[in-house]
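The block underneath contains the structure these notes are about, expressed in structure tokens.
The values are calculated or read from the model by the stated rules, or taken from the named source; none is laboratory data. Source: prediction; values computed, not measured. As a convention, Cβ positions derive from the backbone with ideal geometry for all residues, glycine included, and neighbour counts pool all protein chains shown. Remember, those area values only see protein heavy atoms, side chains included, never the ligands or the DNA or RNA. Shrake-Rupley method; radii C 1.70, N 1.55, O 1.52, S 1.80 Å.
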Amino acid sequence: MWGRIRRLTVVAQALRHARALAERERWPVERREALQRERLTELVRHAAQHSPYYRRALSGYDPDVGLGSLPALSKATMMERFDDLVTDRRLRRDVLLEHVERLRGDELYLDRYRAMTTSGSSGRKGLFVYDEAGWTAIGGQFLYFSAMIGTRPRIPRLRLAAIGGGSPAHMSRRGAQTLDVGLHRILSLPVTAPLAELVGALNRFRPDVLQVYPSMAVLLAEEQLAGRLALSLRTMSTTSELRTPETAARIEEAFGVRPFDLYATTEGLWGGECERHDGLHLFEEDVIVENVDDDRRVVADGERGTRLLVTNLVNRVQPLIRLEITDAMTLTAQTCACGRTLRRIERVEGRADDVMWLPGAGGRPVAILPMQFSVVARDRDVVEFQVLQEGARLVVLVVGRGAAPGLEERVRAGLGERLRALHVEGVEIDVRRRDALERATGGKLQIVVADRPALAAV
């Protein structure tokens, strides 16, 4: 009972935060930036006072220069220096990792903190801790997105099905447990469950709203079109994976609703599509985002960066200041037709870690971004796919729709044409059929698996 009361308190505060975000979503940009600077000053002061790591790292901070006067923080450094980085001296990385391995529900560490991990499609495990105030802000961002897509709490309650991380320590599972206080009727399912079990559970629950990874949404779309799944949805959203236009179109064909996309990270950076479906609005009140190149120099809006530097303004127990996230994207500051003045993600190209380097004309290597492989999904008989790099050889694993005669040759020809247009030469394409594709521990599908040594070979 006490746990439920505490969750009700968090949800009530999260609802207030969501309303505040909505009230300020059309603020002039200058006013929002002033608020960010104010909150950054408070964060830097707190981190320098309570974190041994930041006491040294922030010594060169110049308020007139801002974040540019501070070093970037890699996830590797965050994990290696975790015990010195956190502001509560009782928190220890290895003990917390043992704690999250034992999680079954919404348990708190030291009766105060929510800990969670990322398996990381990049392969780097991350450990993150939130106190009540920080977790309230995360919940508020989710509820703000829910309001954007028309799923705010109502009577009668909506039936909401969420298919998320397979581990109880994943943010999606922790968030669903916290928010399950009666605002909606919630069904939380692990993406790692067998497809037939997910279909059965969804048919019994009959959700109004479905939240799911894009790769799983495509599989469910096939079940819907085949008549084994019979959902009548008000709306749906996808999250946590690269979503191609072909994937979005297939989902809309099957379910009759245009899916919204949510960009949500355990690090604290969130963004979501509005009703215009013209990019993802960044929820900038709680975070500062720098879109940078390989040398960590800020790129102009409208230009593609290779990674992000994220400063979480709400996490005081584990300050994350200029934390590197290897997502390659293009941002725009142009005001959306919806009227919100929040910057938008124009395009997510994939993770910088997933960029493939392939041989090009004159022996010069060519960088191929993950989104370039979406050409594979344009074939109607491709349900899902994965591209594995083995030097100058690409192995394309495809799950086909039925017999699909000639699928391998069509995929090989289509991808070959795309690569030639990108000036790639001398690459072998090997297309193989699979009944299913292997997913990471957390249930995500890594569409592109780049061969790191390949760069030295081309």
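Taken over the range 276-286, the residue count meeting the criterion of being out of contact with any strand residue (DSSP E or B) (no Cβ under 8 Å at 6 or more places or on another chain) and surrounded by 15 or more Cβ atoms within 10 Å (Cβ to Cβ) is 2. Note on the range 91-100: residues that are within 22 Å of the chain's Cα centre (by Cα) and either modelled with pLDDT of 95 or more or open to solvent by 70 Å² or more (accessible area, probe 1.4 Å) (or both) amount to 0. In the range 257-283, the residues that are more than 12 Å from residue 343 (Cβ to Cβ) and free of Cβ contacts under 8 Å to residues at least 12 places away in the same chain form no Cβ pair under 7 Å with any partner that is small (Gly, Ala, Ser) and in a loop (DSSP other than H, G, I, E, B), whether six or more places apart or across chains. Remark: pairs (first residue in the range 219-242, among the small types (Gly, Ala, Ser); second residue surrounded by fewer than 18 Cβ atoms within 10 Å (Cβ to Cβ); Cβ separation under 8 Å; 6+ apart in sequence or on different chains) = 221/253; 230/203; 232/206. For first residues located in the range 350-373 and of a type in the set (A, V, I, L, M), partners that are modelled with pLDDT under 80 and lie 6+ apart or on another chain with Cβ distances below 7 Å form the pairs 355/369; 358/458. How many residues, within the range 78-87, are touching a residue at least 40 places away in the same chain (Cβ under 8 Å) and crowded, with 17+ Cβ neighbours inside 10 Å? Qualifying residue count, the range 78-87: 5. Reported count of residues in the range 287-304, each being outside any strand (DSSP E or B) and surrounded by 24 or more Cβ atoms within 10 Å (Cβ to Cβ), is 0.
When the range 177-188 is filtered for residues that are open to solvent by 20 Å² or more (accessible area, probe 1.4 Å) and either within 20 Å of residue 137 (Cα to Cα) or out of contact with any Lys or Arg (no Cβ under 6 Å at 6 or more places or on another chain) (or both), the ones remaining, listed by number, are 177, 179, 180, 182, 183, 186, 187, 188.
Residues in the range 64-86 that are within 19 Å of residue 34 (Cβ to Cβ) and of a type in the set (A, V, I, L, M, F, W, C): 65, 67. Taken as a whole, the condition of being modelled with pLDDT of 90 or more and hydrophobic (A, V, I, L, M, F, W, C) applies to residue 201. For beta carbons closer than 8 Å, sequence separation of 6+ or different chains, a first residue in the range 52-74 that is over 12 Å from residue 320 (Cβ atoms) and modelled with pLDDT under 90 and a second that is open to solvent by 70 Å² or more (accessible area, probe 1.4 Å) and of a type outside the set (Val, Ile, Thr), the qualifying pairs are 66/37. Flag not set for residue 118, criterion: in contact with a Leu (Cβ under 9 Å, 6 or more places away or on another chain) and more than 18 Å from residue 265 (Cβ to Cβ).
Could you grab me the full set of residues in the range 155-170 that are modelled with pLDDT under 90 and farther than 21 Å from residue 444 by Cβ? Matches in the range 155-170: 155 only.
Scanning the range 194-206 for residues that are touching a residue at least 12 places away in the same chain (Cβ under 8 Å) and either open to solvent by less than 50 Å² (accessible area, probe 1.4 Å) or charged (D, E, K, R) (or both) returns 198, 199, 201, 202, 205, 206.
Each row is one residue, and each column tells you yes or no for (1) open to solvent by 20 Å² or more (accessible area, probe 1.4 Å); (2) over 20 Å from residue 85 (Cβ atoms); (3) in contact (Cβ under 8 Å) with a residue 40 or more places away in the chain.
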{"position": "102", "(1), (2), (3)": "yes, yes, no"}
{"position": "115", "(1), (2), (3)": "no, no, yes"}
{"position": "129", "(1), (2), (3)": "no, no, yes"}
{"position": "137", "(1), (2), (3)": "no, no, yes"}
{"position": "140", "(1), (2), (3)": "no, yes, yes"}
{"position": "143", "(1), (2), (3)": "no, yes, yes"}
{"position": "147", "(1), (2), (3)": "yes, yes, yes"}
{"position": "165", "(1), (2), (3)": "no, yes, yes"}
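Only one of the numbered conditions (1) surrounded by fewer than 13 Cβ atoms within 10 Å (Cβ to Cβ); (2) at pLDDT 90 or above; (3) over 25 Å from residue 4 (Cβ atoms) is violated by residue 111, and that is (3).
Against the criterion of being assigned to a loop (DSSP other than H, G, I, E, B), in contact with a Gly (Cβ under 8 Å, 6 or more places away or on another chain) and closer than 30 Å to residue 317 by Cβ, residue 168 qualifies.
Looking at the structure I just gave you, is residue 173 of a type in the set (Lys, Arg) and at pLDDT below 90? Yes, satisfied.
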